[in-house]
Amino acid sequence: MSVFQRETLSNGLRVLTAPLDHAQSVACYIMLAAGSRYEEQSNRGIAHFAEHMFFKGTERRPTARDLSMEVDKIGGEFNAFTSKEYTGYYIRCAGAERDTALDVLVDMLRNSKFDGGELEREKGVIIEEMNMYFDTPRDYVSSMYEELVFGSNPLGWETLGTRETVSAATRDTFLDYIGHWYQPDRMVVGVAGMIGDDLLPKLEGLLGDMPANGTDRPAPAEVERTPEPLVRVLRKDSDQANVCVGVPSYPLGHPDRYALALLGTVLGTGMSSRLFLEVRERRGLAYYVFAHNSSYTDTGTLFAQGGVDLKRADEAVKVIADEFRKLADEVVPAEELEKARALAKGRFVLQTESPNGLILFGLRREVLEGAAIEPEVLLAGLDAVTAEDVQRVAQDVIGGSGLRLALIGPFDEPEKFEQLLA
């Protein structure tokens, strides 16, 4: 029996459900194929700014307090998130309160006022969020790294935007962005857990009259795989150096997506990963270090990140680079691959056993790829990966491109780090 059921409203808006018999709660989401990648130079940050403004009041619920009180009264959890390629709004609550949750979500997305006074106040909030982010090297180094990999494409832009574009935003900036991208064919409603009865008629009444105005796509990413290393250093007085090292990788739908996932797991997932053991346990170079593959619809990147000892930053960069290269040069031993496979599968099962984690998994696939796959398909994909697959992908991804390095710390010599990566 399928975990996910997919249905469509009269205007083409998709509805993805995942009923769980044991659940007493329900996770209600509205997710859109619209994020910071869908911006232009003039409105950078508007996807994230709009997410904030949707919480500021509607005609029926005029203030932020009115909206939050409505959710608090049903004991719900209310939030949203903006990424490069999608934006999501959700309420999690007791199953019996499903209709109230859906009504609030739809009211926000269809009837927000974008009040001028609220807009001006929120600009200060966003700019302070930027200040916090830019003052946190552990967070900001990943943005530097993505800019290095993706360049001038919006994928390389910081989701928060710039102080200039946020300060210049007007009510029309929001209405133009939302009118262009917040369309039924880009939108998926996700409901998981105790989904209840008559969900489709309820959603048809709330969203079925939303006009479908066609669709558009963001600019494609053109990521060059240059053979030489690329380095960007941000000089900042600090007690720790934050490094991000990586290479361009594959898009979401690539045939080798599961081999790439296990490559990232071997490299830097968990306390028995190669990076954790070598960088932290054996050498004491870092408190945190990990690796991750981040895939988008038409490109991706495999990267490692760590906060390392200032006096030994060059050693840390070289050790991380060496661990990347070893994966291309040597076949992963059978025992290590099986451990990584079990870890990847176990983390996925833990993620998807709750209504929230399950619907998020389905929605990301549905929104970005047009179809939610069953969890068993992903598990089978991981099971099918061989050690030879992992090395072949490592040779293509790591051996086929120079390493990129973003570094924050009190350093003035990017050339020294380029030599370490060569």
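The values are calculated or read from the model by the stated rules, or taken from the named source; none is laboratory data. Just so it is clear, the model here is predicted, and its values are computed rather than measured. Neighbour counts are summed over all protein chains in view; Cβ atoms, including those assigned to glycine, are modelled from backbone coordinates with ideal geometry. Side chains are part of the model used for accessible areas, which takes the heavy atoms of the whole protein and leaves out ligands, DNA and RNA. Shrake-Rupley method; radii C 1.70, N 1.55, O 1.52, S 1.80 Å.
Out of (1) closer than 21 Å to residue 367 by Cβ; (2) surrounded by fewer than 16 Cβ atoms within 10 Å (Cβ to Cβ), the odd one out for residue 89 is which? Tallying (1) closer than 21 Å to residue 367 by Cβ; (2) surrounded by fewer than 16 Cβ atoms within 10 Å (Cβ to Cβ), residue 89 fails exactly one: (2).
Within the stretch 393-422, residues that are among the basic types (Lys, Arg) reach partners that are open to solvent by less than 40 Å² (accessible area, probe 1.4 Å) and not in a strand (DSSP E or B) with beta carbons closer than 9 Å, at six or more positions or on different chains, in the pairs 404/145; 404/148; 404/149; 404/229; 404/421.
So in the stretch 376-385, with the set limited to residues that are of a type outside the set (A, V, I, L, M) and touching a Lys or Arg at 6+ places or on another chain (Cβ under 8 Å), which one is least open to solvent (accessible area, probe 1.4 Å)?
Of all residues in the stretch 376-385, those of a type outside the set (A, V, I, L, M) come to 376, 381, 383.
Filter once more, keeping what is touching a Lys or Arg at 6+ places or on another chain (Cβ under 8 Å): 381, 383.
On the way: 381: 15, 383: 80 Å².
Across the stretch 376-385, the extreme among qualifying residues is 381.
Taking the criterion of being within 26 Å of the chain's Cα centre (by Cα) and in a strand (DSSP E or B), the residues of the stretch 227-236 that qualify are 230, 231, 232, 233, 234. The single condition among (1) at pLDDT below 95; (2) open to solvent by less than 20 Å² (accessible area, probe 1.4 Å) that residue 353 does not meet is (2).
Table: residues versus (1) open to solvent by 10 Å² or more (accessible area, probe 1.4 Å); (2) polar (S, T, N, Q); (3) over 16 Å from residue 249 (Cβ atoms).
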position: 365; (1), (2), (3): yes, no, yes
position: 373; (1), (2), (3): yes, no, yes
position: 387; (1), (2), (3): yes, no, yes
position: 391; (1), (2), (3): yes, yes, no
position: 397; (1), (2), (3): no, no, no
position: 410; (1), (2), (3): yes, no, yes
position: 414; (1), (2), (3): yes, no, yes
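Residues in the stretch 310-325: is at least one assigned to a loop (DSSP other than H, G, I, E, B), of a type in the set (A, V, I, L, M), more than 22 Å from the chain's Cα centre (by Cα) and more than 30 Å from residue 23 (Cβ to Cβ)? Within the stretch 310-325 (the criterion being assigned to a loop (DSSP other than H, G, I, E, B), of a type in the set (A, V, I, L, M), more than 22 Å from the chain's Cα centre (by Cα) and more than 30 Å from residue 23 (Cβ to Cβ)), the answer is no, since none of the residues qualifies. Within the stretch 3-19, residues that are at positive phi reach partners that are open to solvent by 10 Å² or more (accessible area, probe 1.4 Å) with beta carbons closer than 7 Å, at six or more positions or on different chains, in the pairs 12/185; 12/212. Quick check on the stretch 361-368. Is at least one of its residues of a type in the set (A, V, I, L, M) and in contact with a strand residue (DSSP E or B) (Cβ under 9 Å, 6 or more places away or on another chain)? There is at least one residue in the stretch 361-368 that is of a type in the set (A, V, I, L, M) and in contact with a strand residue (DSSP E or B) (Cβ under 9 Å, 6 or more places away or on another chain).
Please return the ranges of strands (runs of 3 or more DSSP E) entirely within the stretch 1-86 where 2 or more residues are out of contact with any Cys (no Cβ under 9 Å at 6 or more places or on another chain) and among the charged types (D, E, K, R). Full working, then the answer.
Values: elements: 5-8, 14-19, 25-32, 77-82.
In the stretch 1-86, the matching strands (runs of 3 or more DSSP E) lie at 5-8.
Here is a yes/no grid of residues against (1) in contact with a Gly (Cβ under 9 Å, 6 or more places away or on another chain); (2) modelled with pLDDT of 95 or more; (3) of a type in the set (A, V, I, L, M); (4) under 30 Å from residue 25 (Cα atoms):
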position	(1), (2), (3), (4)
166	yes, yes, yes, no
170	yes, yes, no, no
190	yes, yes, no, yes
195	yes, yes, yes, yes
201	no, yes, no, yes
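Considering each of 328, 406 in turn, give the residue that is within 27 Å of residue 420 (Cβ to Cβ), within 20 Å of the chain's Cα centre (by Cα) and either loosely packed, with under 14 Cβ neighbours inside 10 Å or not β-branched (Val, Ile, Thr) (or both). Full working, then the answer.
Values: 328 fails: within 20 Å of the chain's Cα centre (by Cα).
Sole residue among the options that is within 27 Å of residue 420 (Cβ to Cβ), within 20 Å of the chain's Cα centre (by Cα) and either loosely packed, with under 14 Cβ neighbours inside 10 Å or not β-branched (Val, Ile, Thr) (or both): 406.
Within the stretch 268-295, residues that are open to solvent by less than 30 Å² (accessible area, probe 1.4 Å) have Cβ atoms under 7 Å from residues that are β-branched (Val, Ile, Thr) and part of a strand (DSSP E or B) in these pairs: 268/289; 275/289; 276/289; 279/289; 285/308; 286/308; 294/301, counting only partners at least 6 apart in sequence or on another chain.
What are the residues in the stretch 250-264 that are in contact (Cβ under 8 Å) with a residue 40 or more places away in the chain and open to solvent by 10 Å² or more (accessible area, probe 1.4 Å), if any? 250, 251, 252, 253, 254, 256, 257, 258, 261, listed by residue number. Screening residue 336 against (1) open to solvent by 10 Å² or more (accessible area, probe 1.4 Å); (2) closer than 30 Å to residue 237 by Cα leaves a single unmet condition, (2).
Is there a residue being hydroxyl-bearing (Ser, Thr, Tyr), open to solvent by 40 Å² or more (accessible area, probe 1.4 Å), within 30 Å of residue 300 (Cα to Cα) and under 26 Å from the mean Cα position of the chain (by Cα) anywhere in the stretch 41-51? Spell out how you get there, then give the answer.
Applying the first criterion (hydroxyl-bearing (Ser, Thr, Tyr)) to the stretch 41-51 yields 42.
Pick out the ones that are also open to solvent by 40 Å² or more (accessible area, probe 1.4 Å) and you get 42.
Narrowing further to those that are within 30 Å of residue 300 (Cα to Cα): 42.
Then drop every residue that is not under 26 Å from the mean Cα position of the chain (by Cα), which leaves 42.
Yes, the stretch 41-51 has at least one match.
If a residue counts only when it is more than 30 Å from residue 227 (Cβ to Cβ) and touching a Leu at 6+ places or on another chain (Cβ under 9 Å), which helices (runs of 4 or more DSSP H) contained entirely in the stretch 337-422 have at least 3 such residues? Let's see the steps before the verdict.
On the way: elements: 355-369, 375-383, 387-397, 414-421.
Here the list reads 355-369.
Does residue 255 count as of a type outside the set (Gly, Ala, Ser) and farther than 30 Å from residue 384 by Cβ? Here the answer is no, as residue 255 does not meet what is asked.
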